[in-house]
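Participant: Quick one: the structure is below, questions incoming.
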Amino acid sequence: TLFRSEQALQLSLKYHFVTPLTSMVVTKPEDDEKDEPLIADKPEEKDADEVAPAYSASIPISGQSFVYQSSPVHSGLLYHRPVYSVDYDPHFIIHVPEKNDSLCFNIDEEPGVVLNLVKDPLSGIAVNGQLIGDKKGSNGAKLSNSTYFGKIGISYKMMDLKIEVTPQKIILRNGKKMTMFSWLETISVTRGSLTLQINKKKNMMLSTGDGAAFVIVLHQVWKKHPLHQDFLGFYTVDSHKFSEKSHGLLGQFFHGIDFEVSDIHPSSNPQKPDATMFVKNHKLTVTRGWQKDYQNDPKIGVIVPCWFVHFNGTGLIDGVHTDYIVPSLFSSV
């Protein structure tokens, strides 16, 4: 309907993601299998070192000049509100607008593990993600230690709503009623203040009104790829109405985080200096690097410079990463 088209367009403009009402140019690679759908391979990382370093002001260190800049110069991202995301292997990115900077960390766990990303006992919204691994060899041997999110579960207790997202389908459960959608269609569904927008083979947008909005990005690989599997990325693009009790690997940062960086010095990689960070009463050694935001471009992504916190985010996240392991995709929070 005209109303839903206008609503989808407004969501696209507000949160800067691609819908059929906006445009994105895609170049089709040559492929001998004409009947295969056009799908992206694993997000590309190979050109990372060719990007201009995210540094500016000159700082003398042991007789040499070193530069650092807090603001991302290559991000290309203009958000009305900070974005908190996890994508790829899995890389977490925390935008900190007060510092004009970002923090990042990885979580290393086994396939099958379910991690809590967001929980808010007051709004009744919870988001969990289940990890998958790369394919195994013909003899069952593990070929890679990489993991990705293969399932995302979103529950909204106030509406008795559960949404299960996989790279193959989206399942919406509203009480006892179940509706299944495919990534091969473009559709908008409204339930009260909640709007679900599926954009064919690209992403899914979920908005609960003026205060909570998520984007789930679909990453597809070639069907006969010997190693990789399809996976998902998760982006919180509006979190300003979540309560102060919000938590989870992403949710704990919804209401800001303060940190200070000092003693910036060269590391073994001249493009990635180390520094000392003071955060949450911890003194950490962090590394200047970058991650990628795939929200609008699942193939290439957009570079986001950030301070990388090692050892599964130890010292940055509350507790330890295993505290965020939950029993199932819709575990109560």
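The values are calculated or read from the model by the stated rules, or taken from the named source; none is laboratory data. What you are looking at is a predicted structure, and each value in this text was computed from that prediction instead of being measured. Methodologically, a virtual Cβ is constructed for each residue, glycine included, from the backbone with ideal geometry; neighbour enumeration extends over all protein chains shown. For accessibility, only protein heavy atoms count, side chains too; no ligands or nucleic acids. Shrake-Rupley method; radii C 1.70, N 1.55, O 1.52, S 1.80 Å.
Participant: Looking for something farther than 22 Å from Tyr88 by Cα, of a type outside the set (A, V, I, L, M, F, W, C) and modelled with pLDDT of 95 or more - is there at least one such residue anywhere in segment 232-240?
Facilitator: Checked against the condition, which is being farther than 22 Å from Tyr88 by Cα, of a type outside the set (A, V, I, L, M, F, W, C) and modelled with pLDDT of 95 or more, segment 232-240 yields no hits at all.
Participant: Still on this structure, please answer the following. Please work out which one of (1) open to solvent by 20 Å² or more (accessible area, probe 1.4 Å); (2) among the aliphatic types (A, V, I, L, M); (3) not in a loop (DSSP other than H, G, I, E, B) is the condition Val217 fails and give its number.
Facilitator: Status for Val217: all satisfied but (1).
Participant: Residues to consider are Lys272, Lys292, Lys245; find the one that is touching a Gly at 6+ places or on another chain (Cβ under 6 Å) and over 15 Å from Tyr88 (Cβ atoms).
Facilitator: After applying the criteria, what remains is Lys272.
Participant: Just wondering, is there one or more residues in segment 225-240 that are open to solvent by 20 Å² or more (accessible area, probe 1.4 Å) and without any contact (Cβ under 8 Å) to a residue 24 or more places away in the chain?
Facilitator: no
Participant: Here's a follow-up. Would you point out which residue out of Ile300, Ile257 is at pLDDT 95 or above, over 25 Å from Ser155 (Cβ atoms), of a type in the set (Val, Ile, Thr) and not in a strand (DSSP E or B)?
Facilitator: Of Ile300, Ile257, the one residue that is at pLDDT 95 or above, over 25 Å from Ser155 (Cβ atoms), of a type in the set (Val, Ile, Thr) and not in a strand (DSSP E or B) is Ile257.
Participant: Quickly run through segment 159-187 and pick out the residues that are touching a Ser or Thr at 6+ places or on another chain (Cβ under 7 Å) and open to solvent by 10 Å² or more (accessible area, probe 1.4 Å).
Facilitator: Answer for segment 159-187, where residues must be touching a Ser or Thr at 6+ places or on another chain (Cβ under 7 Å) and open to solvent by 10 Å² or more (accessible area, probe 1.4 Å): Lys162, Lys169.
Participant: Would you mention how many residues in segment 107-158 are buried (at least 17 other Cβ atoms within 10 Å of the Cβ), assigned to a loop (DSSP other than H, G, I, E, B) and of a type in the set (S, T, N, Q)?
Facilitator: 2
Okay, residues lined up against (1) modelled with pLDDT under 95; (2) polar (S, T, N, Q); (3) out of contact with any helix residue (DSSP H, G or I) (no Cβ under 8 Å at 6 or more places or on another chain):
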| site | (1), (2), (3) |
| --- | --- |
| Tyr84 | no, no, no |
| Asp87 | no, no, yes |
| Ile94 | no, no, no |
| Cys104 | no, no, yes |
| Asp108 | no, no, no |
| Asn116 | no, yes, no |
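Participant: Here's something else I'd like to know. Quick one: how many residues across segment 280-305 are basic (Lys, Arg), open to solvent by less than 50 Å² (accessible area, probe 1.4 Å) and either within 29 Å of Met205 (Cβ to Cβ) or touching a helix residue (DSSP H, G or I) at 6+ places or on another chain (Cβ under 8 Å) (or both)?
Facilitator: Residues in segment 280-305 being basic (Lys, Arg), open to solvent by less than 50 Å² (accessible area, probe 1.4 Å) and either within 29 Å of Met205 (Cβ to Cβ) or touching a helix residue (DSSP H, G or I) at 6+ places or on another chain (Cβ under 8 Å) (or both): 1 in total.
Participant: Taking the criterion of being of a type in the set (Ser, Thr, Tyr), part of a strand (DSSP E or B), in contact (Cβ under 8 Å) with a residue 24 or more places away in the chain and in contact with a Leu (Cβ under 7 Å, 6 or more places away or on another chain), would at least one residue in segment 204-211 satisfy it?
Facilitator: Within segment 204-211 (the criterion being of a type in the set (Ser, Thr, Tyr), part of a strand (DSSP E or B), in contact (Cβ under 8 Å) with a residue 24 or more places away in the chain and in contact with a Leu (Cβ under 7 Å, 6 or more places away or on another chain)), the answer is yes, since at least one residue qualifies.
Participant: State which residue is surrounded by the most Cβ atoms within 10 Å (Cβ to Cβ) when the search covers only segment 318-333 and only residues that are of a type in the set (Val, Ile, Thr) and in contact with a Leu (Cβ under 8 Å, 6 or more places away or on another chain).
Facilitator: If we take residues in segment 318-333 being of a type in the set (Val, Ile, Thr) and in contact with a Leu (Cβ under 8 Å, 6 or more places away or on another chain), then Val326 is surrounded by the most Cβ atoms within 10 Å (Cβ to Cβ).
Participant: Taking into account only those residues within segment 78-106 that are over 15 Å from the mean Cα position of the chain (by Cα) and more than 30 Å from Ser193 (Cβ to Cβ), which is most open to solvent (accessible area, probe 1.4 Å)?
Facilitator: Asn100
Participant: For residues that are open to solvent by 70 Å² or more (accessible area, probe 1.4 Å) and in a loop (DSSP other than H, G, I, E, B), scanning just segment 270-279, find the one that is farthest from Ser102 (Cα to Cα).
Facilitator: Pro270
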